[in-house]
Amino acid sequence: MLADAGRLAAYVEGRLPPDGRRQIEGYLAANPDLAARVMGELHRHGNVAAPPSPARRRTYVRTALALGCGLLVTSAVLLGGHFRRDLPFLVPDFVEDAVVSHRTTLLRADMSSQEETPTFNAMEMRTKAKLEIPALPIGWRIMDVQLYPSDDGPSMHVLINTPQDERLTLFAVRARTSASARPELTRSDGADVIYWERGPFGYALLGARSLETLKRDAALLVGAPT
């Protein structure tokens, strides 16, 4: 594939030769969704703020043009379908935090000495922690709500029990990342995770559900009001 994860990572890190950079930039011009995320990674890596040598200026201008031209293409999507399996180097950091908090909360749930906190006060979370979650589907029951620290500030972990008696984690954090508003699928430390961003919040969903069911669950949450 012309723009696989390895080549895109090399592009972001400035390791591609000129011909390789031009190929990637041409590809980005036809793929606006991916171009926007690659530009976000360039900013995160600090490459766009590097000393303005002529070669670097040309690279930045070409990338910016690729993004600008790509945004005019209304229906170009790299991998197609409603859910996409993300490129590893573009997965935001909060996904790993979601997996860690999920496993910690399940451990707490199995310990008699650790009391669960099933009460969820949306207003208090919004005003005190500056966090909010989408409205949950009918039949989902909150079993535990915890705040955990993260690199982006407080994060909220909500342990949910479904009508099928399966436990899910809904993770929320206030973070600006390279994630999009469309659900993305990735695998982190052996767990399938679906994540997305809405407004200033990043969300992740994971748990003991089949992948297809987890996708349907995420689609409900993405379209739900907060």
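Per residue, how large is the accessible surface of the stretch 141-194? Use a 1.4 angstrom probe and give square angstrom. Don't skip to the end; give the middle numbers.
Values: 2270 Å² over 54 residues.
Computed with neighbouring chains in place, this is 42 Å² per residue.
A simple spin-label model places pseudo-atoms 7 Å from Cα toward Cβ; at Met143 and Arg22 they are separated by 5.7 nm. Computed over the stretch 134-195, relative contact order equals 22 percent, with contacts defined as Cα pairs under 8 Å that lie 6+ residues apart. Note on Ala219 and Ala5: the extension gain reaches 74.5 nm, defined as 0.36 nm multiplied by sequence separation minus the Cα-Cα distance. Sorting 116-127, 211-222 by their mean Cβ neighbour count within 10 Å, with the most densely packed peptide first, gives 211-222, 116-127. In this simple spin-label model, placing a label point 7 Å from the Cα along the Cα-to-Cβ direction at both Ser112 and Ala129 gives a separation of 2.8 nm. Applying D = kT/(6 pi eta Rh) to the stretch 172-226, where Rh is the Kirkwood radius over alpha-carbon pairs, T corresponds to 37 °C and eta to 0.692 mPa s, the Stokes-Einstein value obtained is 286 µm²/s.
Would you mind telling me the share, in percent, of accessible area of the stretch 97-223 contributed by carbon and sulfur at probe 1.4 angstrom?
52
The values are calculated or read from the model by the stated rules, or taken from the named source; none is laboratory data. Every value quoted in this text rests on a predicted model; they were computed, and no experiment measured them. Using ideal geometry, Cβ is built from the backbone for each residue, glycine included, and neighbour counts are taken over all protein chains shown. Accessible surface areas use protein heavy atoms only, side chains included; no ligands, DNA or RNA. Shrake-Rupley method; radii C 1.70, N 1.55, O 1.52, S 1.80 Å.
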